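One structure is given here, and the rest of the page talks about it.
The values are calculated or read from the model by the stated rules, or taken from the named source; none is laboratory data. As the structure is a computational prediction, the values presented were derived from the model and not from experiment. Positions of Cβ are backbone-derived with ideal geometry, glycine not excepted, and every protein chain shown enters the neighbour counts.
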Amino acid sequence: MTQGVGSGTQLPATDYCPGVTAVHVRVPAKVNLSLRVGPVRPDNFHDVTTIFHAISLTDDVTVSEGTQGSGRTLSITGSSSSGVPADDSNLAAQAARALATHAGLPDPDVVIDIVKSIPVAGGMAGGSANAAAALIACRRLWRLDVSDAALREIAAAVGSDVVFALVGGTARGTGRGEMVTPVLAAGDLHWVIALSEGELSTPRVYAEWDRLVESGHVSVGGDDAPLLAALRTGEPRDIGPLLVNDLQSAALSLRPSLHAVLEVGAELGALGGIVSGSGPTCAFLASGRDAAIALAAEMAGTGVARAVRYATGPTVGARIIA
């Protein structure tokens with residue numbers, strides 16, 4: 001049985017299985033189909049308007065009971081595990097602590113095992129995804145009667161993208177990105193994800209965006225109405241040209257090699273290409289499954305990316321697997 005956080009759905013305490021000692025959750029990466037950045041707020045965050053899209057590139061998170069007095073222990077493995085902190089700075093650990101505090105529990109003794117495929121600092125919200133998975137897992141493990149609405153409030157306090165990782169699908173994010181509402185989207189989209197060497201720090205990318213705005217090199221504003229209309233019809237050829245990311249100029253400024261990745265994707269026939277979030281991962285939309293698989297194979301042969309993966313979307317948010 002799989003369970004996640006649906007819009008307005010609550011999972012009462014009676015649905016929890018007594019005696020559970022470990023909970024396994026799968027959680028998706030995201031691509032920003034649109035990301036429009038506003039000015040800096042008093043809290044030093046930027047107001048954003050974004051269209052989130054969950055894809056089938058996932059991390060697996062298992063939370064189990066730890067030995068008494070052990071605190072939170074993290075284990076990080078998988079193809080994208082390098083550089084992930086295994087201490088309390090990890091968002092999954094912060095999420096577990098935040099849920100315990102909300103429920104009035106003592107600092108929990110838990111083991112959090114994260115198997116990563118979502119790239120680290122790649123603009124696909126891998127850390128936020130792990131936090132969402134930890135919230136779902138700990139709620140089940142501790143048999144808490146915490147509603148989905150309350151869980152989203154906790155998620156928003158942990159990180160801007162954590163709420164969307166809980167919800168999944170295709171959704172509009174506002175505020176810092178934590179205010180999430182579903183978007184009507186028809187059909188499946190087929191993606192080629194190009195993973196780059198190294199990472200890009202989100203704060204550094206936003207700082208570069210601010211510099212470019214102040215120097216007049218980029219402009220702000222835009223209308224997502226055409227993209228939302230295209231998503232309702234589900235036609236990839238209409239969606240591709242409408243992908244937009246205000247942060248892309250900043251990511252390209254900091255990582256000029258991404259120009260070549262985007263150019264190769266366009267030359268090989270992608271319907272649209274974009275730097276995902278703060279980068280450096282790039283996402284390319286194809287017309288269908290066969291076209292995406294062919295594009296992935298050709299792109300892998302060019303050597304412009306560290307790795308190339310095929311993914312589909314939208315997919316559900318964090319969900320219990322076992």
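Of all residues in the stretch 180-222, those that are within 18 Å of residue 52 (Cβ to Cβ) and either among the aromatic types (Phe, Trp, Tyr) or surrounded by 17 or more Cβ atoms within 10 Å (Cβ to Cβ) (or both) total 10. Cβ-Cβ contacts under 8 Å between residues 6 or more apart (or on different chains), taken from a first residue in the stretch 107-128 that is assigned by TED's automatic domain parsing to the domain that holds residue 154 and among the basic types (Lys, Arg) to a second residue that is surrounded by fewer than 22 Cβ atoms within 10 Å (Cβ to Cβ) and in a strand (DSSP E or B), are listed as 116/76; 116/77; 116/78. Applying the criterion of being assigned to a loop (DSSP other than H, G, I, E, B) and closer than 23 Å to residue 203 by Cβ to the residues of the stretch 121-145, the residue that is modelled with the lowest pLDDT is 121. Considering only the stretch 28-61, state which residues are touching a Ser or Thr at 6+ places or on another chain (Cβ under 9 Å), among the β-branched types (Val, Ile, Thr) and farther than 24 Å from residue 312 by Cα. Hits for the stretch 28-61 are 37, 48. Screening residue 166 on (1) under 28 Å from residue 93 (Cβ atoms); (2) touching an Asp or Glu at 6+ places or on another chain (Cβ under 9 Å); (3) surrounded by fewer than 21 Cβ atoms within 10 Å (Cβ to Cβ) shows it passes everything except condition (3). Give the residue that is farthest from residue 189 (Cα to Cα), with candidates limited to residues of the stretch 36-48 that are hydrophobic (A, V, I, L, M, F, W, C) and out of contact with any helix residue (DSSP H, G or I) (no Cβ under 8 Å at 6 or more places or on another chain). Result: 45.
Cβ separations smaller than 6 Å between residues 6+ apart or across chains give the following pairs from the stretch 58-83 residues that are at positive phi to residues that are of a type in the set (S, T, N, Q): 78/117.
Residues of the stretch 21-29 include at least one that is loosely packed, with under 14 Cβ neighbours inside 10 Å and either part of a loop (DSSP other than H, G, I, E, B) or modelled with pLDDT of 95 or more (or both).
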